[in-house]
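Structure first, then comments.
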Amino acid sequence: MTARIPVGIVLNGVTGRMGYRQHLVRSLLAIREAGGVALKDGTYLWPEPVLVGRSEAKLRDVAERHGLTEWTTDLGAALARPDVSIYFDAQVTSEREKAIGLAIEAGKHIYTEKPLATTLHGAIELARAADAAGLRHGVVQDKLFLPGLRKLKRLVDGGFFGQILSVRGEFGYWVFEGDWQSAQRPSWNYRAADGGGIVVDMFPHWHYVLEQIFAPVTAVTAHVTTHIPRRWDEQGEPYEATADDAAYAIFELEGGVVAQINSSWAVRVNRDELVEFQVDGTHGSAVAGLRGCRIQPRAATPKPVWNPDLPVSHSFREQWQEVPDNEEYDNGFKAQWEMFLRHVAEDAPYTWDLWAGARGVQMAELGLQSAREGRRVEMTELDR
């Protein structure tokens, strides 16, 4: 029988939507169903989740539903366990920094959802502390594993675009206010005091997408607003939305690439997917979403003619070619968990550490600063 090595993992915030659905069920439990994570020496890592949260009833329900026995509302007790080596955080943003700090003090390797912290200072302090303690650490950067963006990265790496000129991103959907129809997102997302806001939530995503697929971000110009100032919470009570629900930004990248990304929870979808990126280059263009990616190479680019006096006689969308899958795409959260577990167990390469998370927080802070001061703000190197 193949040797199986247990690895204890504290999952804090597992009763939330992302913590439960993506990280427990579709990642760690899916890894167990597949027999574990294969290592170079032929052994398999076997995740042993320790569920942590604030509600005993919810934790008990999750544990019983999946045949798990280890759960607690006492984070300190979970971190004190000698059979636990990894701490994972999927809590609300405002609670994350303190909990990760405790996990670092307890000597646990750190893996966390983003944003890493509510402030750049806090994010840097966590990264420094984890480095000083000699711990492995990583931040979830799930969108890099989306089939559409993996196809886009393949195009970039293969030189399809020639010189890349621009990136245009559209993200968002209409989040119901909560009065006549329940909202699709938790109410804390719209309260600044609880770490809410679309800039804090999405700019860290846009940072790693731009940095990892194209080039590092050098400057930010943003306009931020709260389109829907009044919403209703999970109990049907009205509250003031103090956090931004839309951001319109220009990001300057190394090499002269200009990226424009609109992010909004107050927009109705008229595109093929909830997020789409159009990349234009001298030799071709592409439009990538969550799963699909379409291209229009230079040699096959039609010759559009502006004539408002005649109706359009063709479909512009039909002039694009679909990029084939060419491989099977696993769940992105699961794939990144496997990479991080190998990183901890056998020092396998891993790019997205807490410093990457801190840079994402930095870009969010600069976006808010740009909007507040009405100016372009340069992005500088972090002081380690």
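For n ≥ 4 DSSP H runs only, could you compute -39500 (n - 2.57) per run for the chain, divide by its residues and tell me the 222 nm figure to the nearest 500? The per-residue figure over the chain is -8500 deg cm²/dmol. Provide E378, E95, E113 in ascending order of the number of other Cβ atoms located within 10 Å of each residue's Cβ, fewest first. Placing the least packed residue first, the sequence is E378, E95, E113. Mind checking the angle between helix 147-157 and the chain's longest principal axis? C-alpha axes, 0 to 90 degrees, to the nearest 10. Computed tilt is about 70 degrees. With the charge dipole of the chain set up from +1 on Lys and Arg Cβ and -1 on Asp and Glu Cβ about the Cα centre, the Cα lying farthest toward the positive end among the listed residues T72, L126, G36 is that of G36.
Total lysine pairs in the chain at Cα distances under 30 Å, for residues eight or more apart or on different chains: 28. In plain terms, the bigger the Kirkwood radius, the slower the diffusion; for the range 34-160, with that radius from Cα pairs, at 4 °C and 1.567 mPa s, Stokes-Einstein puts D at 77 µm²/s. Roughly speaking, what is the centre-to-centre gap between the range 262-341 and the range 358-383 when only Cα atoms are used, to the nearest Å? Cα centres, the range 262-341 to the range 358-383: 28 Å. Placing unit charges on the Cβ atoms of the charged side chains and taking the dipole of the chain about its Cα centre, the candidate lying farthest along the positive direction among F316, T242, H23 is F316. The largest-to-smallest principal axis extents of the Cα set in the chain are 73, 53, 43 Å. For the chain, the longest principal axis of the C-alpha atoms and the axis of helix 93-105 are separated by about 50°.
What does DSSP give for the chain in terms of the percent of beta bridges that are antiparallel, rounded to the nearest 5?
60
Loop-resident chymotrypsin sites (Phe, Trp or Tyr not before Pro) (DSSP state other than H, G, I, E or B) in the range 264-316 with no more than 15 further Cβ atoms inside 10 Å of their Cβ: W306, F316. Counting only Cα atoms, the size of the range 156-253 along its three principal axes is 53, 23, 18 Å, in decreasing order. Shape call for the range 279-377 from the C-alpha gyration tensor, a ≥ b ≥ c root eigenvalues: rounded (a/c under 1.5), prolate (a/b greater than b/c) or oblate? Oblate is the answer for the range 279-377, as a/c is 1.5 or above yet b/c matches or exceeds a/b. Charged side chains reduced to their Cβ positions (Lys and Arg at +1, Asp and Glu at -1) give the chain a dipole of some 500 debye around its Cα centre. Placing +1 on the Cβ of every Lys and Arg and -1 on the Cβ of every Asp and Glu, with nothing else charged, gives the range 77-208 a dipole about its Cα centre of roughly 520 debye. Applying a DSSP loop filter and a limit of 10 other Cβ atoms within 10 Å to the trypsin sites (Lys or Arg not before Pro) in the range 9-56 leaves K40. Relative to the longest principal axis of the Cα atoms of the chain, helix 120-132 runs at roughly 50 degrees. When the alpha carbon gyration tensor of the range 233-315 is reduced to an equivalent ellipsoid, its three semi-axes come out at 34, 20, 14 angstrom, largest first.
Coordinate-derived values only; no laboratory data. Fair warning: this is a prediction, and the values are worked out from it, not measured in the lab. Ideal geometry is used to build each Cβ from the backbone, glycine not excepted, and the neighbour counts take in all protein chains shown.
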